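Structure first, commentary second.
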Amino acid sequence: FFFLVSIQSTMSSPAMQARAQELNVRMEGQARVVFDNVERNGLRRIAKNSYKCVVGCFDKAGSTGSSEALQACSQNCQIKYQQANAIVQQESHQFQNRLNRSMAECQDKARDMIQPGMENDPTKIARVEEQLLACMSKSVDQHIKLLAPMKQRIEAQLKKF
């Protein structure tokens with residue numbers, strides 16, 4: 001998740017840029033923990049079973065089986081892993097899209113606060129940036145809370161494989 005990079009570069013001061021980066025690191029770190037856990041405890045098990053199945057295809061085909069039958073068997077073995085991986089990717093993309101929409105809304109609110117001539121007033125710009133960062137921080141907090149239910153949804157679906 002790299003959701004704040006573009007916002008960060010528009011901040012006027014290094015301190016504001018650092019605060020935006022902290023939010024990015026926090027969100028990315030929390031998301032990484034969840035997705036790493038899903039990969040280790042869900043996807044790996046399914047991948048392992050897929051590979052075992054492929055080995056079984058080679059054992060079954062031996063040295064006399066057709067390459068077409070071997071390929072069909074191998075592809076069939078990989079279907080469950082591909083489906084499971086698609087579920088994780090879909091949840092990840094949906095989460096990222098929601099987060100992006102929330103960040104865009106924060107940017108819109110900040111943009112709406114800017115009046116003509118404000119760009120020359122550092123105090124007013126700092127106030128707008130404070131509001132932007134407050135909105136972004138609230139959004140990050142809300143989205144971090146959404147990670148646990150998302151993980152539970154993914155785990156429930158992966159248990160079916």
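Remarks
- No other residue among S92, S74 is under 30 Å from V25 (Cα atoms), among the polar types (S, T, N, Q) and open to solvent by less than 40 Å² (accessible area, probe 1.4 Å) apart from S92.
- Condition met for C77 (in a helix (DSSP H, G or I), modelled with pLDDT of 95 or more and either in contact with a strand residue (DSSP E or B) (Cβ under 6 Å, 6 or more places away or on another chain) or not β-branched (V, I, T) (or both)): yes
- Residue list for the stretch 107-123, restricted to those being assigned to a helix (DSSP H, G or I), open to solvent by less than 80 Å² (accessible area, probe 1.4 Å) and without any contact (Cβ under 8 Å) to a residue 40 or more places away in the chain: D108, A110, M113, M118
- Options S50, S12, S63: the member that is crowded, with 17+ Cβ neighbours inside 10 Å, over 24 Å from the mean Cα position of the chain (by Cα) and not basic (K, R): S50
- Inside the stretch 15-47, residues that are under 17 Å from L158 (Cβ atoms) and either touching a Cys at 6+ places or on another chain (Cβ under 7 Å) or open to solvent by less than 80 Å² (accessible area, probe 1.4 Å) (or both) make up a count of 10.
- Residue match in the stretch 74-88 (condition: under 23 Å from A134 (Cα atoms) and touching a residue at least 40 places away in the same chain (Cβ under 8 Å)): no
- Going through (1) touching a helix residue (DSSP H, G or I) at 6+ places or on another chain (Cβ under 6 Å); (2) surrounded by fewer than 17 Cβ atoms within 10 Å (Cβ to Cβ); (3) among the β-branched types (V, I, T) one by one, V55 falls short only on (1).
- Considering A86, A126, A104, the condition of being modelled with pLDDT of 95 or more and either part of a helix (DSSP H, G or I) or at positive phi (or both) is satisfied by A86 alone.
- Residue, most open to solvent (accessible area, probe 1.4 Å), within the stretch 131-158, restricted to residues that are touching a residue at least 24 places away in the same chain (Cβ under 8 Å) and among the charged types (D, E, K, R): R153
- Every listed requirement among (1) surrounded by 12 or more Cβ atoms within 10 Å (Cβ to Cβ); (2) free of Cβ contacts under 8 Å to residues at least 12 places away in the same chain is met by E68 save one, (1).
The values are calculated or read from the model by the stated rules, or taken from the named source; none is laboratory data. As the structure is a computational prediction, the values presented were derived from the model and not from experiment. Every residue, glycine as well, gets a Cβ built from its backbone with ideal geometry; the counts of neighbours run over all protein chains shown. Ligands, DNA and RNA are stripped out before the accessible areas are found, and what is left, the full protein with its side chains, is counted by its heavy atoms. Shrake-Rupley method; radii C 1.70, N 1.55, O 1.52, S 1.80 Å.
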